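A quick write-up on the structure given underneath.
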Amino acid sequence: MQKTKQWLSGTVFFILMIAAIYLITQKQLLPSPKPKFPTALSNLPYYAFYSFSRMFFAYIFALLFSLLYGLTAALKKGADKIMMPILDVLQSVPVLGFFPAAVFFFIGIFSGRLGVELASIFLIFTSQAWNMTFGVYEAVKGIPKDLKESSLIYGVKGYQALKKLYLPAAANRLVYNSVLSWAGGWYFLVATEIIASGSTNYRLPGLGSFLVITSARGQIGLTLIGLAVLVTIIVAMDLLLWRPLTVWSEKFRYEFTAGAAETHHSLLLGLFNRFRSTQVFKLLIKALKQIVYLPVNAVGVLINSWLLYYRRRQGVQLFFRFIGKALYWLILIGLVYIFYLSAAALAKAARAPIPTDARLIPLATLASMGRLAIAYLISLLWTIPMAVKIAGSRRAARFLTPFFEISASIPATALFPLMIVYIVRYTGSVNFAAILLVLTGMQWYLLFNLISGATSIPGDLKEVAEMMGLKGWLYWRKLVLPAIFPALITGSITAWGGGWNALIVAEYFNFGQKTFSVFGIGSLLDQATYVRSADSSQMILFSLVFMIAVIMALNRFFWRPLYNFALKRFKLEY
Amino acid sequence: MSLLALEKVTKSFQFEETQVTVVKEVSFNVKPGEFVCLVGPSGCGKSTILKMISGLIFPTSGRIIYDNNEIAGVNQRAAMVFQSFALFPWLTVRENVALGLEAKGMMRAAALDKANQYIDKVGLDGHEEAYPRELSGGMKQRVGLARAITVEPEVLLMDEPFSALDALTVLNLREEVIDLWQDKEIPLKAVLMVTHSIEEAVFMADKIVVMSTRPGEIISEINVGLVRPRNMKEERFQNITDIIYSLIVQKRD
């Protein structure tokens with residue numbers, strides 16, 4: 001019963017989403033002259049500013065969303081049965097595929113530049129929000145029962161409970177997932193800018209488009225400077241904001257759940273540790289706290305006193321109850337209406353003749369999956385030995401970890417223009433370039449998951465193995481491989497998720513006059529977006545639906561069972 | 001003639017900027033046929049000593065002589081029982097016990113066969129195919145014991161083997177370890193056990209090496225000399241216990 005309900009809410013949502021895409025993409029874009037894009041060095045600060053602003057706004061929205069959605073799902077009785085499957089669908093969808101649809105939607109509402117900007121921000125938001133929301137939800141759900149009971153006994157409720165119990169409980173996970181989301185956000189920011197620069201109608205000025213256009217024009221020097229600026233921003237943000245925040249949020253962890261998150265501060269560890277004890281750092285932490293606390297506190301106190309004052313007045317209470325009821329019905333009616341619209345749209349789509357290219361979709365998906373599989377195997381081949389090496393030797397870890405963390409912090413999409421230029425020039429194979437691009441979108445998830453898996457092999461198991469003289473293949477088969485298996489599966493799931501996204505940018509790369517493309521679901525989708533024809537919107541719809549269905553089927557019937565098996569059989573706890 | 005001898009063994013570790021001496025000039029020996037207990041408060045480097053004897057780590061200064069040779073690598077004639085059991089969670093009881101034999105190059109079938117024999121010895125017959133997570137703490141440590149004696153070591157090293165178990169289980173297991181020790185079929189020459197329970201040491205050991213903490217130094221060596229099976233209520237048992245208690249307390253003040 002419970003299960004079917006969850007299935008149902010996921011499926012209904014899925015259908016709604018498809019219908020919405022269809023409705024949106026039916027609008028025609030008005031052609032407008034392609035904007036100029038000056039690549040003088042003096043413009044670079046503006047581009048950096050634009051890119052950063054997009055990231056910033058998207059993150060703020062993601063933060064608000066994750067708190068609202070996560071807290072509601074965790075605290076409202078029964079809400080998670082409906083809300084979490086929806087989030088699950090959202091999370092397993094390759095965000096980049098929706099960029100065309102998002103552009104249509106936002107340009108439809110706000111024409112011109114603002115529309116494209118909002119589409120980009122929306123896309124970055126979707127790449128950040130789900131992961132953070134899961135973090136909040138799981139953290140609040142995971143509050144130990146006796147802690148919750150004790151706050152009940154002491155009468156901690158409302159805003160007080162939010163401030164003293166739920167927010168602190170969520171802080172650690174929220175910060176940790178924010179770091180991941182922020183890093184992922186760069187990837188999508190650059191991707192949207194790249195995609196936008198391939199279009200004839202609009203453009204997103206920013207670091208990503210700067211990279212594409214300079215490398216398309218052969219100004220490799222400028223491309224490298226652009227990359228350097230991007231990396232500088234990323235590293236600076238990391239050192240000045242995320243590291244201090246992570247350290248600060250560690251204090252919100254319960255003692256008894258320690259262990260899993262020990263590897264947090266390893267990037268530039270030495271440098272950071274020195275930095276940590278300085279006065280500047282302490283001041284920074286203090287300032288951050290004030291920035292966060294002051295407005296939150298002010299609003300909270302206001303609401304609290306206001307509530308205290310009005311709670312005693314019957315009229316006001318009745319009024320709010322009425323508002324609540326009205327809202328509830330409004331949402332319900334809205335949902336029914338959307339459902340009706342969706343059903344109508346789908347019916348119309350079903351009646352329309354199926355575009356001739358649509359029969360290519362299954363084969364294209366298969367081709368794309370092949371690319372993903374090859375990239376995945378290559379990633380496995382180098383990440384498993386590397387992770388075990390890093391986990392096994394402190395010296396290797398000291399040299400290699402910062403190197404990998406910096407490499408991984410460069411959004412892979414930012415390297416795409418350069419890679420395309422050189423790989424296609426020297427190998428002549430766009431297919432090879434596409435696989436390599438997908439690889440860069442997959443490998444880090446595997447590497448970092450595997451490192452954390454391999455470092456968590458208990459020391460005494462390694463000692464036993466050493467005392468027994470367990471060596472070579474036997475050592476790998478009996479100790480290393482089983483021990484890292486759960487991490488391998490988690491890493492694989494995220495790597496494939498990243499891979500599907502990378503496909504959209506990797507299979508169809510527009511370079512000013514030249515277009516590099518290979519046959520695949522990503523390029524079908526891109527083609528339908530760029531080369532508008534009568535059945536473009538149907539092609540977008542069919543491609544997206546088919547791809548999402550394949551991804552969801554893979555997740556449910558392959559990765560999920562494998563993950564459950566890994567947890568049951570290979571979990572390290574005794 | 002001693003099987004194992006420590007000569008002025010010192011071990012220091014580097015913790016960030018400071019050098020910490022965990023074990024300082026420790027000397028004692030273990031003769032064939034001896035059950036020796038290392039007793040001391042936590043943090044006195046008992047476990048470090050066991051790791052040095054097993055050849056997992058090496059002394060900063062001093063020597064460890066095993067059967068006339070200085071230990072220079074993993075000691076193949078010793079086996080270890082861990083406080084945390086250190087069982088491979090993805091292997092069955094039988095596979096866990098047989099692993100040491102497989103590592104020594106024995107064929108899998110033969111190894112599993114021999115494992116069965118020792119699983120019976122520790123009273124776990126019927127649980128061969130269970131996974132460690134399905135067992136109680138006491139049963140897990142029996143697997144740990146079986147795994148150690150299956151490779152037929154000369155010296156059995158035990159690192160607080162009962163600390164993670166509840167009191168009643170411990171009473172039983174202590175006696176079972178003594179039974180295994182006295183079992184003529186097992187070619188064990190000596191046992192070296194680390195514990196922080198003085199009663200446990202007096203109950204089990206022929207000789208007790210008493211240590212102080214920070215740095216770990218030897219305060220005294222005591223020969224127990226009580227006949228087995230021992231009775232904790234007995235007066236002589238209590239006397240020895242009291243002596244060790246006062247030794248440790250005196251040193252601390």
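Any chance segment A:358-376 includes a residue that's surrounded by 10 or more Cβ atoms within 10 Å (Cβ to Cβ), at pLDDT below 75 and of a type in the set (Val, Ile, Thr)? No, segment A:358-376 contains no residue that is surrounded by 10 or more Cβ atoms within 10 Å (Cβ to Cβ), at pLDDT below 75 and of a type in the set (Val, Ile, Thr).
Considering segment A:151-250, the qualifying helices (runs of 4 or more DSSP H), each wholly inside and each with 2 or more residues that are under 26 Å from the mean Cα position of the chain (by Cα) and touching a residue at least 12 places away in the same chain (Cβ under 8 Å), run over A:167-198, A:207-216, A:220-237, A:243-249. When segment A:95-117 is limited to residues that are buried (at least 20 other Cβ atoms within 10 Å of the Cβ) and over 19 Å from A:Ser536 (Cβ atoms), the one that is nearest to the chain's Cα centre (by Cα) turns out to be A:Val95.
One residue alone among B:Val36, B:Val97 is modelled with pLDDT of 90 or more, surrounded by 17 or more Cβ atoms within 10 Å (Cβ to Cβ), within 26 Å of B:Val210 (Cβ to Cβ) and more than 10 Å from every other protein chain (Cβ to nearest Cβ), and that residue is B:Val36. A:Met419 fulfils the conditions (1) more than 14 Å from chain B (Cβ to nearest Cβ); (2) in contact (Cβ under 8 Å) with a residue 24 or more places away in the chain; (3) surrounded by fewer than 19 Cβ atoms within 10 Å (Cβ to Cβ); (4) not β-branched (Val, Ile, Thr) except for a single criterion, (2).
Matching residues to (1) touching a His at 6+ places or on another chain (Cβ under 9 Å); (2) more than 14 Å from every other protein chain (Cβ to nearest Cβ):
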{"position": "B:Leu101", "(1), (2)": "no, no"}
{"position": "B:Arg108", "(1), (2)": "no, no"}
{"position": "B:Ala111", "(1), (2)": "no, no"}
{"position": "B:Gly126", "(1), (2)": "no, yes"}
{"position": "B:Met139", "(1), (2)": "yes, no"}
{"position": "B:Leu156", "(1), (2)": "no, no"}
{"position": "B:Arg174", "(1), (2)": "no, yes"}
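Just one of the listed residues (B:Met80, B:Met52) is assigned to a strand (DSSP E or B), in contact with a strand residue (DSSP E or B) (Cβ under 8 Å, 6 or more places away or on another chain) and surrounded by 19 or more Cβ atoms within 10 Å (Cβ to Cβ), namely B:Met80.
Return yes when B:Ala78 is in contact with a helix residue (DSSP H, G or I) (Cβ under 8 Å, 6 or more places away or on another chain), facing another protein chain (nearest Cβ under 10 Å) and over 19 Å from A:Leu479 (Cα atoms) and no when it is not. So B:Ala78 passes the test.
B:Ala72 meets all of the listed conditions (1) away from every other protein chain (no Cβ under 14 Å); (2) part of a loop (DSSP other than H, G, I, E, B); (3) of a type in the set (A, V, I, L, M); (4) farther than 22 Å from B:Val191 by Cα but one, namely (4).
Listed by position, the helices (runs of 4 or more DSSP H) contained in segment A:361-473 that have at least 1 residues being in contact with a Cys (Cβ under 9 Å, 6 or more places away or on another chain) form an empty set.
Inclusion of A:Arg243 among residues that are in the same structural domain as A:Gln160 (by TED's automatic domain parsing) and modelled with pLDDT of 75 or more is warranted. Among the residues of this structure, A:Val464 does not count as one that is away from every other protein chain (no Cβ under 13 Å) and in contact with a strand residue (DSSP E or B) (Cβ under 8 Å, 6 or more places away or on another chain).
The values are calculated or read from the model by the stated rules, or taken from the named source; none is laboratory data. All values reported here derive from a predicted model rather than from experimental measurement. Every residue, glycine as well, gets a Cβ built from its backbone with ideal geometry; the counts of neighbours run over all protein chains shown.
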